[in-house]
Ligand SMILES: CC(C)(COP(=O)(O)OP(=O)(O)OC[C@H]1O[C@@H](n2cnc3c(N)ncnc32)[C@H](O)[C@@H]1OP(=O)(O)O)[C@@H](O)C(=O)NCCC(=O)NCCS
């Protein structure tokens, strides 16, 4: 049976989305390593309220989920920084059993297209220096390392439009 893949925007301000996200994230982040790679500021056990407060309570945030046959299997957020014409990608996660199928790449393309529509000149992100799969993914999509002092926490950027 072929998989039906959809990408949709969700919002923490909508009660229905919030409920679905809470159960999905709780399930993914029952693995402390998964939580740490996705957001090193979070501590185990996963607390949904803290997750929302830390990352979604201020500024303009966009979140996309990728579903296969109605099930959420991947997640990505973007923080829009209008004064710098910049989109910052964060909280990229793909369900362990659905990796290496191009889902992270699809979500990043979606976020990139949103950022271009909003005239962002570049995208940025942070990644743990030991996270090879993520670094390979970002490199393959044209992200480049930025000079930074913190050794373990790398910063990457991709230019979208000439400023
Ligand atoms: C990193 C992560 C998001 C990749 O998701 P994914 O859906 O498996 O990635 P994709 O299938 O879109 O892979 C695209 C490219 O990324 C690279 N890549 C992805 N997983 C990889 C792995 N395990 N090893 C090496 N390269 C990998 C490859 O270049 C791949 O292209 P290819 O399949 O043509 O070789 C996923 O492993 C994950 O959720 N990890 C835990 C959370 C995390 O680390 N998030 C990122 C925080 S910065």
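Observations
- Members of the stretch 110-132 that are surrounded by 12 or more Cβ atoms within 10 Å (Cβ to Cβ), part of a helix (DSSP H, G or I) and within 16 Å of the ligand (Cβ to nearest atom): 110, 111, 112
- Scanning the stretch 95-109 for residues that are within 8 Å of the ligand (Cβ to nearest atom) and either at pLDDT below 95 or more than 15 Å from residue 140 (Cβ to Cβ) (or both) yields 95, 96, 98.
The values are calculated or read from the model by the stated rules, or taken from the named source; none is laboratory data. Just so it is clear, the model here is predicted, and its values are computed rather than measured. With ideal geometry, Cβ positions are generated from the backbone for all residues, glycine too; neighbour counts draw on all protein chains shown.
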